[in-house]
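Novice: First the structure, which I've put down as structure tokens, then a few questions once you've had a look.
All of the numbers you see were taken from the coordinates with simple rules; none came from a lab. In this text the structure is predicted, and so the values were computed from the model without any measurement. Note that we place each Cβ from the backbone using ideal geometry, even for glycine, and neighbour counts take in every protein chain shown.
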Amino acid sequence: MFLLLGTMSGLLFFSPAKTSAQNMTLLPLSPVLEPEGLPKSWEPLTFRKIKRHTVYEWSAQERAIHAVSSASASGLMYRLDRDVAAAPILRWRWRVSSAIAKGDEKSKAGDDYAARIYVTFKYDPSKAGGGTRFKYGLVKKIYGEYPPHSGINYIWANRLPKGESTPNAYTDRLKMVAVRSGDAEAGRWITEERNILKDYRKLYGEESPPLAGIAVMTDTDNTGSQAEAWYADIELRAVP
């Protein structure tokens, strides 16, 4: 996965897309499907050094994105460019067949998850120091755009206890938050809700930059494992 300087597994890389909706449903209940069978506005997310990709398909029966990973990694992303405060409540439903037995949130070799929701935040060069601007500038020359400033990764954890968080094994600019953990709730649909604004303040100790994008990802490339997950009803809402 793309990182600030191109290492594997870390911050997702989004281009901005503007929207003015106050309450925005990212995954409609009755989706308009693209020719590839994926919900409209969601895009495949692949990585240069990973040749084997996770398979994502629309499940009409489940009304959800179905992901199957076998020693593979890729994701689906939805591009954003909006202030977090306008709609900071992230809601979604998900289900996994099982957690990844070999997974370990604190190890690069174990950085795989049956299900995860990425939230990434925009980089603003006007607010960065000289060293950071130089690093991000190098990446922009290679990829044509800046990588995200930071990210929150809501995971179905393997070993990390539910409710705990840890920096990603590759970078401290991505925080891993265990929303669920282990196999106790595997096989069941579960609805989640997070306040992104509050989570960002707690995890980073600063105010949140604007959103850059949201993605789903089921990956097993580091452990060589298999995983299956479903994602549905992903949306951003204003605070009631």
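Novice: DSSP loop trypsin sites (Lys or Arg not before Pro) in the stretch 179-229 with at most 10 other Cβ atoms within 10 Å of their Cβ, which ones? Intermediate results must be reported in sequence, preceding the final value.
Specialist: Details: sites: 180, 188, 194, 198, 201, 202; in loops: 188.
Here the sparse-neighbourhood loop sites are 188.
Novice: In terms of modelled amide H atoms, which long-range or inter-chain residues lie less than 5 Å from the amide H of residue 100?
Specialist: When sequence neighbours closer than 5 places are left aside, the close amide H contacts are 114.
Novice: In the stretch 205-240, what GluC sites (Glu not before Pro) fall in a loop by DSSP, with at most 13 other Cβ atoms inside 10 Å? The partial results should precede the final answer.
Specialist: Working: sites: 206, 207, 228, 235; in loops: 206, 207.
Of the GluC sites (Glu not before Pro), the ones in loops of the stretch 205-240 whose Cβ has at most 13 other Cβ atoms within 10 Å are 206, 207.
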